[in-house]
Amino acid sequence: MNVEEKQNPLGIEKIGTLLRKMAIPAIIANVVNALYNIVDQIFIGQGVGYLGNAATNIAFPITTICMAIGLMVGIGAASNFNLALGRKEDKHAREVAGTAVVLLVTAGLMIMSVVLLFLQPLLNLFGATDQILGYASEYAGITAFGIPFFMISIGFNPLVRADGRATYSMMAIIVGALLNTILDPLFIFALNMGIAGAAWATVISQVVSALVLLAYIPRFRSVRFERSDFKLSFADVKVIASLGLTSFIFQISATVVQIVSNNLLRTYGAQSVYGSDIPIAVGGVVSKIFVIFIAVVIGLNQGAQPILGFNYGAKKYSRVHETMNLLLKVTLILSTILWILFEAFPLQLIQMFGSGDALYYEFGVRYARAYLFFTFINGITIIVTTFFPAIGKAKLGAILSLTRQLFVLLPVMLLLSTLFGVDGLIFSGPVSDFVSFIICITVYLNQMRKIPKVDELLV
């Protein structure tokens, strides 16, 4: 056992202890981060009504696009950071992290500019109706100013965890979320700012979270940054993008699916007793409920990522197998608990996001129970899909992400909605979830057989 291993517990500490230390703060941080939009939606629903909820749903693809790029950079950089540390390449680890910071700021400014310049065409593309467009324009036009800071919050967080400071990354997000929770009712109700108040609360909170995270840069324990590390290295951008591609594809695919879903709900909802606005509003509410589940699973994955990356880079393959076995068990348990909650209390969960008429609640319960039906296996699918980039197999992870979202869900959604209208959309989710699970678990088991179960000495 050498000195470096003693200094880095990722290579020597018990897997269960490591996963608990790394995953719990990551889960809390992700759940709290998800609450930015959920808290907005709850207060908007209470203060504006379900049309306000529909508006945030229409604007949400902007958020998922930001998350796609932010997570690609953050997870890709964190994976490379840990792989480099495992290989004892400290200088490369610093350069990767520095490039990630510059890339996040640059991408954030570019996305903000595009949103502000093409706001209404984008919202129309995302499925806005005439009644929803005004609310959506007001909300998205304000939250656009927070995009660069949101990108930092999403993308720099994994690097802080990669340094072993999961608690700090968690607290940075919690500070922002608590501030958002305080400002939302203050701006919406006390100052009577309506949906604009929710938007400004979100922007202010994102700025605070980003500043807290950036303040950690001089406090890194595994490396000491130099000013020259913070430049845009295209070689490092390529490496970051390759290992973060799975997360990017997952989020972008989800964005494409959401846009298509909004438009299909608008079209086929108009042909039903529910109309267009109710299905769009319900779709937004249920997707936010699902985001909580995603946040938990991604948090587990992010907690495991430094363990997997370091030990795979150090050729400690037995620890890779041990980590994945434990991770899948924990994921299955947590997914099942959330599934029971979702299926037992759909009405109560929907009512949290504001009131509606009888048709609104009727559609909401039907849609929620169907959309969330396979939650207990979805967690396994996500963990398997995001496992491969953590060990440097980005291409396989990308293929699985594409399969899950675009090659399965999108065609099923289009087919069933054509055949059965809005009812087809309700049941397209569970059908796709089951097919994706079978594909992902088959590929995973095949690939794990190729990873040795014994360690190799790192020369």
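A search for C-beta distances below 7 Å between a residue of the range 68-85 that is in contact (Cβ under 8 Å) with a residue 12 or more places away in the chain and any residue that is part of a helix (DSSP H, G or I) and charged (D, E, K, R), counting only pairs 6+ apart in sequence or on different chains, returns Ala78/Arg161. Within the range 255-277, residues that are without any contact (Cβ under 8 Å) to a residue 60 or more places away in the chain have Cβ atoms under 6 Å from residues that are outside any helix (DSSP H, G or I) and among the polar types (S, T, N, Q) in these pairs: Ala270/Ser276, counting only partners at least 6 apart in sequence or on another chain. Please determine, by comparing only the residues of the range 18-41 that are of a type in the set (A, V, I, L, M, F, W, C) and at pLDDT 80 or above, which one is nearest to the chain's Cα centre (by Cα). Among them, the one singled out is Val31. When you check Gly299 against the structure, is it out of contact with any Leu (no Cβ under 8 Å at 6 or more places or on another chain), of a type in the set (Gly, Ala, Ser), part of a helix (DSSP H, G or I) and under 19 Å from Tyr360 (Cβ atoms), yes or no? Taking the combined requirement at face value, the residue does not satisfy it. The conditions of being out of contact with any helix residue (DSSP H, G or I) (no Cβ under 8 Å at 6 or more places or on another chain) and either buried (at least 21 other Cβ atoms within 10 Å of the Cβ) or free of Cβ contacts under 8 Å to residues at least 24 places away in the same chain (or both) are not met by Ala314.
As a summary of the residue check, Gly379 satisfies the conditions (1) at pLDDT below 85; (2) in contact with a Phe, Trp or Tyr (Cβ under 9 Å, 6 or more places away or on another chain); (3) of a type outside the set (A, V, I, L, M, F, W, C) except for the one numbered (1).
Take the conditions over 25 Å from Ala241 (Cα atoms), within 20 Å of the chain's Cα centre (by Cα) and modelled with pLDDT under 90 and apply them to Leu332. Does it pass? Answer is no for this residue. When Phe363 is tested against (1) under 28 Å from Pro306 (Cα atoms); (2) crowded, with 23+ Cβ neighbours inside 10 Å; (3) touching a residue at least 60 places away in the same chain (Cβ under 8 Å), just one condition goes unmet, and that condition is (1). Looking at the range 118-135, can you tell me whether even one residue there is outside any helix (DSSP H, G or I), of a type in the set (Phe, Trp, Tyr) and under 30 Å from Ile278 (Cβ atoms)? Yes, the range 118-135 contains at least one residue that is outside any helix (DSSP H, G or I), of a type in the set (Phe, Trp, Tyr) and under 30 Å from Ile278 (Cβ atoms). Give just the number: which of (1) of a type outside the set (Gly, Ala, Ser); (2) surrounded by fewer than 19 Cβ atoms within 10 Å (Cβ to Cβ); (3) touching a helix residue (DSSP H, G or I) at 6+ places or on another chain (Cβ under 9 Å) does Asp130 not satisfy? Condition not satisfied by Asp130: (3). Can you name the residue in the range 42-73 that is β-branched (Val, Ile, Thr) and more than 12 Å from the chain's Cα centre (by Cα) and, of all such residues, is farthest from Phe149 (Cα to Cα)? Of everything passing the filter in the range 42-73, Val48 is farthest from Phe149 (Cα to Cα). Checking each residue in the range 74-101 for being surrounded by fewer than 24 Cβ atoms within 10 Å (Cβ to Cβ) and under 21 Å from the mean Cα position of the chain (by Cα) picks out only Val101.
When Pro185, Pro218 are checked against the criterion of being within 30 Å of Leu308 (Cβ to Cβ) and surrounded by fewer than 24 Cβ atoms within 10 Å (Cβ to Cβ), Pro218 stands alone in meeting it.
The values are calculated or read from the model by the stated rules, or taken from the named source; none is laboratory data. From a predicted model like this one, the values you see are computed outputs, not experimental measurements. Here Cβ is always computed from backbone atoms with ideal geometry, including for glycine, and neighbour counts include all displayed protein chains.
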